[in-house]
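Below is one structure; the comments refer to it alone.
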Amino acid sequence: MTSMTVLRIISPGVLSLIQDQGRFAMGALGLTQGGPLDLHSFRWANALVANPVNSTLIEHSVGGLTLQAVANCVIAVTGAELALTLNGKAVQCWQALALKAGDEIALGMCSRGLRAYIAVAGGIAAPAQFGSSATVMREGIGGLQQNGQKLTAGAELALATKANSHINTSKAPVAAAIRQRTLPGATPLQLRLIEGYQAALFSATARAQFYLHTYQVSPQFDRMGYKLSGPAIRCSTSQLLSEGISYGAVQIPPDGQPIVLLNDRQTLGGYPKIGNVLSLDCWALAQASSGTQLNFSPITAADAHNATHLAAARLQREYQHYGISPTVLDTL
Amino acid sequence: MSEINLNRSDLLVGGLSAADYHLQIAGENAYILYLTTQQISPGAALHIQTAMQLLQPLVGSVLVELLPSYASLLITFNPLQHSHLTLRPLLVKALAKPAAKLATSTAKCVELPVWYSEQDDLDLVRVAKATGLSVAEVIALHSQCSYQVYAIGFAPGFAYLGELPAALALPRLSTPRAKVPAGAVAIADRQTAVYPAASPGGWHLLGLCPVPMFNAKQQPAMPMAVGDQVNFVPITAREYSLLGGLV
C-alpha cells in the first residue's frame, strides 16, 4: 500500500463517484450492490492500465470532470464519447495516457452515452466498507471518506498499489466495436429479458404488448433504476409481499410504466416484476438518457447463460489481442 | 400450507418438502424461492430460516448470496460458474436434507430499550386516540410481546418486525413525514420497526431507541438479523439520554 497522491480533482463535473465492482452479499443488512453502471467500460478502463479487475476508479456521469496530475501516472478514460483534453489539446479515450506532474486532463460533456470511467494505473486507494469501495450516496456508504459522498473539488486520489510497469502508452484506442458496445446507436436499444418472478401474473396480451411496443427512457433515471414511458402494462396483482430484488429486475408499478432496477436498487420491494434484463443490456441501458427508445425481447435462461459466456469469452480474446496480461483477468 | 402452522419443534425435524416451495427464475444469476403460502407469519419466517440454513453451506462455493424476506428467499449465483439448469438439482437436494440440528442456535433474542415519549413530534398520543386505548395501554401492548425479524431492507439496518398486536394496527400515514428521526420506534399495520437513520417515513412513531440499528464502523453492523427475536423494554427519558440517546 502506497499513499502517494497522484491526482487531484479540479472540478468533479456533474457527478463523479468512487466505484469498484460493487458490494456483494450484503443484502441481509439492507445494503445494495453499487458498483459501475456500465461494467463493460469499467473493465476496459482498468484493463488498459493493467489493473486487477476489481480496482477502484471514478465513474463519471454526464461530463465536466477535470483532474490534475500531482505526480507522474498513467490513466485511461473509457465509456461515453466525449471530448477529452490534456493541457487543452485533444487526446483520445480508450487508451492508456501517460500524465506528468502538473498535467491537466479534462472531460467535456458526453456526446454519446452518459457514463465515463477514469482508471489510474495502480488503482485508487479507497478503504473497503462491507467489502467494497463502491459509493452509494443514498446509503451514505463507500467512497473516499466512507460516507457515501460524491467526489468534490480538491479531493486527492492516492494509488492503492504500485502501478504495473508493463503498460504500453503508445497504443491507439481499442477498436470501435469495443468502444461503442454499450453506447446508444441509431436504432432503438434492444433489451433482452429473462422472464421470471411474477411473469405468470401478466396476461399473454399484456406480455405481447410489452414486447411489441417501443418504450422511452423517462426523465426519471438514476443509479437506482430507469423508469420508462410507453403503453401501460397491467398485472393481475398490484401488491405482493416484499421480496429480494435482483439486478436488472423489471418492476411494473400500478401506473403500468416499467422500471428497470440497476446497481443502487432497493434490496426489497413489493411491486410485480415481469423478469430481468440481461446484464450486458443493462450496461447499455445505463448509458442511455431521457428519450432513448428501446424494445424488450424475451430470451430463455439458457440463452442468457450462453450470452454471458460468449461475452466473457469474447472479452478474453480481446484482452489477448491488445496484449492485456491474462494475469489481471478474472471470471466475474 | 398446513406445514406453515406446525409448531417450531415439528419444523425442526425435516427440511422443506416439494409442496412447501417452488423455485422461480429471477434473472441470469438468481433463483427466488417462494413458499407455497405467501403470508406474513411466524411459520413462514421459520420456513425461510430453515431454507437459509440448509443452503448456507453452498454460499461462497456455489452461491453468492441468500437474501431472505417474509415468504421468499433470493438465491444469487455467479452465472459464469453455474447455470439455472445445473443449480436447480443442487438446491432441491440441499433443501430436502433433514434439518434436525437446525434448532435456534443462531437466532438471538435482542432487547431494545425504548423511551415511549408523549412529545408532540412523535405520535404516541395520537396512536392512543386512534386506537381508543390509553397511552399506558399502547406502551404495554407494544412492549409486552416478542417480535420476530421478518425482513431487513428499505434502508441499511431497517428491520421489519412482527407481529404487532391487532389492537395497535393502524394504516400508514396518508402523508409521510419528510423526516423521521434516527432511532424512532414506529408501527404500521401489523408491523413495527426502528428507523436506523433519519429518513422520510410513513409509520406512526411511538418512541425513541438509543441503540444504533446500523453502525458501519462496528462488527456486526446491526444488533439483529432476520430470524432473531426482539423485545422492547420501556425506559425513562433520563435512561434514554444515559444510554446515549439524542434528544
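The values are calculated or read from the model by the stated rules, or taken from the named source; none is laboratory data. Since this is a predicted model, take the numbers as computed values, not measurements. When we count neighbours, we look across all protein chains shown, and the Cβ atoms used for this are built from the backbone with ideal geometry, even at glycine.
Assorted remarks:
- Figure legend. Inter-residue proximity from region A:311-324: first residues more than 19 Å from A:ASN168 (Cα to Cα), second residues not in a helix (DSSP H, G or I), beta-carbon distance below 7 Å, spacing 6+ or different chains. Indicated pairs: A:ALA312/B:LEU80.
- Where strands (runs of 3 or more DSSP E) fall wholly inside region A:121-233, the ranges with 3 or more residues that are away from chain B (no Cβ under 14 Å) are A:156-158, A:215-221, A:225-229.
- Residue satisfying condition, being within 14 Å of chain A (Cβ to nearest Cβ), of a type outside the set (Lys, Arg), surrounded by fewer than 19 Cβ atoms within 10 Å (Cβ to Cβ) and under 22 Å from the mean Cα position of the chain (by Cα), within set B:GLN49, B:GLN39: B:GLN39
- Scope region B:52-73; condition among the aliphatic types (A, V, I, L, M) and surrounded by 23 or more Cβ atoms within 10 Å (Cβ to Cβ); matching residues: B:LEU63, B:LEU66, B:LEU67, B:ALA71, B:LEU73
- Looking only at region B:58-97, and only at residues there that are part of a helix (DSSP H, G or I) and closer than 18 Å to A:GLY196 by Cβ, the one that is nearest to the other protein chains (Cβ to nearest Cβ): B:HIS84
- Those strands (runs of 3 or more DSSP E) of region B:184-247 in which 1 or more residues are more than 18 Å from B:SER117 (Cβ to Cβ) and in contact with a strand residue (DSSP E or B) (Cβ under 8 Å, 6 or more places away or on another chain) occupy B:184-188, B:191-194, B:199-201, B:229-234.
- Within region B:146-179, the set of residues being away from chain A (no Cβ under 14 Å), surrounded by 14 or more Cβ atoms within 10 Å (Cβ to Cβ) and not aliphatic (A, V, I, L, M) comprises B:TYR147, B:GLN148, B:PRO165, B:ARG177.
- Qualifying residue in region B:216-231 (condition: among the hydrophobic types (A, V, I, L, M, F, W, C), away from chain A (no Cβ under 14 Å), within 16 Å of the chain's Cα centre (by Cα) and crowded, with 20+ Cβ neighbours inside 10 Å): yes
- Any hit, region A:245-258, residues being under 23 Å from B:PHE77 (Cα atoms), touching a helix residue (DSSP H, G or I) at 6+ places or on another chain (Cβ under 8 Å), facing chain B (nearest Cβ under 9 Å) and free of Cβ contacts under 8 Å to residues at least 60 places away in the same chain: yes
- So A:GLY122, is it surrounded by fewer than 24 Cβ atoms within 10 Å (Cβ to Cβ), in contact with a Cys (Cβ under 9 Å, 6 or more places away or on another chain) and at pLDDT 95 or above: yes
Quick grid of which residues meet (1) crowded, with 20+ Cβ neighbours inside 10 Å; (2) among the small types (Gly, Ala, Ser):
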site: A:LYS162; (1), (2): no, no
site: A:THR169; (1), (2): no, no
site: A:ALA175; (1), (2): no, yes
site: A:THR182; (1), (2): yes, no
site: A:GLY196; (1), (2): yes, yes
site: A:PHE202; (1), (2): yes, no
site: A:THR214; (1), (2): no, no
site: A:SER218; (1), (2): no, yes
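- Considering residues of region A:65-107 that are charged (D, E, K, R) and assigned to a strand (DSSP E or B) only, the residue surrounded by the most Cβ atoms within 10 Å (Cβ to Cβ): A:GLU81
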